[in-house]
Amino acid sequence: MRLLIMGPPGAGKGTQAAVIGAHYDIPAISTGNIFRLAITKRTPLGERIKRIIADGGYVPDSLTLRVVVQRLEEEDTKGGWLLDGFPRTVGQVKALDAELDGHGYQLDAVISLTADETALVERLLKRAEIENRPDDNEETIRTRLEVYHEQTDPLIDVYRERGLLIEVDGMGEVDEVSERVLAALAEKLGR
Ligand code: ADP
């Protein structure tokens with residue numbers, strides 16, 4: 001099973017990715033988490049990207065791709081995976097296509113979590129208080145939403161045209177959203 005989960009910042013991708021990963025017994029791989037860990041550990045990658053992330057921009061494709069390809073070589077990915085927060089640019093879609101082709105793999109579905117903008121900003125500001133993420137302040141949040149609309153929104157149509165897209169309303173309680181996501185996946189995949 002090979003899945004993607006997409007959605008604007010604050011839509012709850014990470015939370016739902018964990019639920020889906022556990023349900024299908026596949027690793028949920030978040031580029032955002034990999035980047036944050038690199039920053040915390042002060043690795044060379046972390047040093048290069050910390051400013052970009054704190055400002056709400058996207059990490060360059062070249063660096064992002066290296067991280068993803070490396071992660072997808074690990075043993076636990078053999079039976080499938082769920083990518084959370086990747087791809088985010090047209091270039092990343094192309095690179096993922098090539099990576100899949102190289103292994104003879106195909107995507108099974110792409111989940112798009114939707115949410116209204118006011119709720120997103122509210123959620124992100126609340127998370128800023130709880131998690132102390134350096135990129136969760138009001139100015140950076142606006143930048144992240146802008147960058148998302150400009151660079152990542154177009155990917156939704158790409159996957160819709162390929163017949164892979166499952167759109168799920170991400171508003172409401174976490175459990176409600178999980179039920180919706182799992183029901184939509186079960187319908188699409190037949191399992
Ligand atoms: P959110 O979607 O809530 O912004 P993430 O944890 O998915 O949170 O990502 C946090 C930050 O990490 C992004 O704002 C971006 O700077 C960087 N990032 C994550 N994934 C990618 C990616 N695929 N390409 C470029 N930058 C990324």
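The values are calculated or read from the model by the stated rules, or taken from the named source; none is laboratory data. Please read these numbers as outputs of a predicted model, since none were measured by experiment. Backbone-built Cβ (ideal geometry, glycine too); neighbour counts: all protein chains shown. The area values use the complete protein model at the heavy-atom level, side chains included, leaving out ligands, DNA and RNA. Shrake-Rupley method; radii C 1.70, N 1.55, O 1.52, S 1.80 Å.
Here are a few things to note about the model shown:
- Identity of the residue in region 10-54, assigned to a helix (DSSP H, G or I) and loosely packed, with under 14 Cβ neighbours inside 10 Å, that ends up farthest from the ligand (Cβ to nearest atom): 22
- Looking only at residues of region 151-183 that are in a helix (DSSP H, G or I) and among the aliphatic types (A, V, I, L, M), we find that the one that is most open to solvent (accessible area, probe 1.4 Å) is 174.
- Count of region 55-64 residues which are modelled with pLDDT of 95 or more, part of a helix (DSSP H, G or I) and either closer than 21 Å to residue 132 by Cα or open to solvent by 30 Å² or more (accessible area, probe 1.4 Å) (or both): 2
- Qualifying residue in region 74-97 (condition: surrounded by fewer than 20 Cβ atoms within 10 Å (Cβ to Cβ), closer than 20 Å to residue 2 by Cβ and in contact with a strand residue (DSSP E or B) (Cβ under 6 Å, 6 or more places away or on another chain)): yes
- Each residue in region 66-97 was checked for being near the ligand (Cβ under 9 Å from one of its atoms) and assigned to a helix (DSSP H, G or I), and 3 pass.
- The C-beta contact set for region 12-34 (first residue free of Cβ contacts under 8 Å to residues at least 40 places away in the same chain, second residue open to solvent by less than 20 Å² (accessible area, probe 1.4 Å), distance under 6 angstrom, 6+ apart or interchain) comprises 34/67.
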